[in-house]
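Note sheet for the following structure.
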Amino acid sequence: MKKLQLTAIFLSLLLSLLLLLAACGTPNKETAANASKDKVQKIIVGTGTQFPNICFLDDKGNLTGYDVELVKEIDKRLPNYKFEFKTMDFSNLLLSLESNKIDLVAHQMEVNEERKQKFLFNKEPYNIFPLHVVVNEKNTSIKSIKDLSGKKVIVGATSNSANLIDKYNKEHGNKINIVYSGQGSDDTKTQLKTGRADATISTPFAVDFVNKQADAEQKVVGPAISNSKVYFMLRKDETGLQKDVDKALKEIKEDGTLTKLSKKWLGEDYTKAAGNN
C-alpha cells in the first residue's frame, strides 16, 4: 500500500514539474507580443513645419515633405525602431537634441565645425542643398552675390543661409546689411515683396513653392553659392542608430527611392552628387 502511495506522489510531482517546464519554455501570445514590443526602440525625430517642400504642413494640416517622407521610408526598413515626429521652430532643434528631448534632427542639416564638436552626423548624405541669391522678380540690379554690397539681406537666424551669408560678409568687408526674419517664412516673403529687404538666400525648390502657394514674386539669380551635402544629426552617443540609418539610406539610394522622393518634392534629382565623405 505504501509503495502505491509513494508511486502516486512521485507521478504527481513529475507531472507538476513537466507542466512548470512547459509554462516556462512556451510563453503565451500576450507575453510574446510584449517581449517583441520591448525590442522596438522609439526614436523622436525633431523637424519643422515652415520649410517648403522639406518639412511643412499640407493643405490638410498633415506634416509632409522630402525629409519627412524620407524618415518614414527609413522607418519602414528598420523594424527594430519606431520613428515619431516632434515639430518645433528651427531655432529649438539643436537645444532639444542636446537636452535629450529628441533623438534625431531631420531638417536639411549641413556639417560645420561648431556642430561637429557637439553632435554626431550620419555618414551617408541624402541631399545636395543648393543655395542661391533670391530677389523680387522685378529686381534687375542684383544678378549675383557680388551685387549685395550695401543691400539688405534677410535670412533665418541659425539657418544654413545665415551661416553662409555671415561668412561671406566677414570675408568681404561686412558691406552687406544682414537682418534676421521672425518666426516662420512669412516675414521673409513680405519683406521681399514689399521691398523692405533686397534679397534672401534660398533654394530653387523653396522659391518655386512659395511662388505657387503665396504668389511671392521671387526669382533665383546667379549661380549656386553653395552646394553642401546634408545629413541627419544625432547625439554623440548614438553610434548604433547612426549605423542603422546609414544602412537604410544606402538601400534607399540603390533602389532608386531617394531619387523618386527628390523629384517628387524638390522638382529635380538633388541626390546624384551625394556620396560618402
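The values are calculated or read from the model by the stated rules, or taken from the named source; none is laboratory data. Since the model is a prediction, treat every value here as computed from it, not as a measurement. A quick note on method: Cβ atoms are made from the backbone with ideal geometry, for glycine too, and the neighbour counts reach across all protein chains shown. We work out accessible area using only protein heavy atoms, side chains counted, and drop any ligands, DNA or RNA first. Shrake-Rupley method; radii C 1.70, N 1.55, O 1.52, S 1.80 Å.
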Self-check item: Karplus (6.51, -1.76, 1.60) ³J(HN,Hα), θ = phi - 60°, over region 240-257, in Hz, Gly and Pro reported as x
Solution: x, 5, 4, 5, 5, 5, 5, 4, 5, 4, 4, 5, 5, 5, 5, 8, x, 5
Exercise. For K243 and K146, calculate 0.36 nm times their separation in residues minus their Cα-Cα distance, and state this gained length in nm to one decimal.
Key: 30.8 nm
Quiz item: Cα atoms only, region 111-212: Rg and Dmax in Å?
Solution: 14.5, 43
Quiz item: Size of region 164-242 along its principal axes in angstrom, Cα-based, largest extent first?
Solution: 49, 37, 26
Quiz prompt | Relative contact order of region 137-219, defined on C-alpha pairs under 8 angstrom at six or more residues apart (%) | solution = 34
Quiz item: Taking 0.36 nm per residue of separation and subtracting the Cα-Cα distance, what length does fully extending R77 through E268 add?
Solution: 66.3 nm
Practice problem: Within region 42-56, which residues have the backbone N less than 19 Å from the label spot 7 Å out from K86 along Cα→beta-carbon, could you tell me? | Solution: 42-50, 55-56
Quiz item: On average, how much accessible surface per residue is there in region 172-277, in Å², for a 1.4 Å probe, leaving out ligands, DNA and RNA?
Solution: 52
Quiz item: I102's amide H: which non-local residues (gap 5+, or another chain) put their own amide H closer than 5 Å, with H modeled 1.01 Å from N in plane and none for Pro or chain starts?
Solution: L97
Quiz item: Of the listed peptides 207-218, 151-162, 124-135, 222-233, what is their order by residue-averaged count of other C-beta atoms within 10 Å, with the highest listed first?
Solution: 124-135, 151-162, 222-233, 207-218
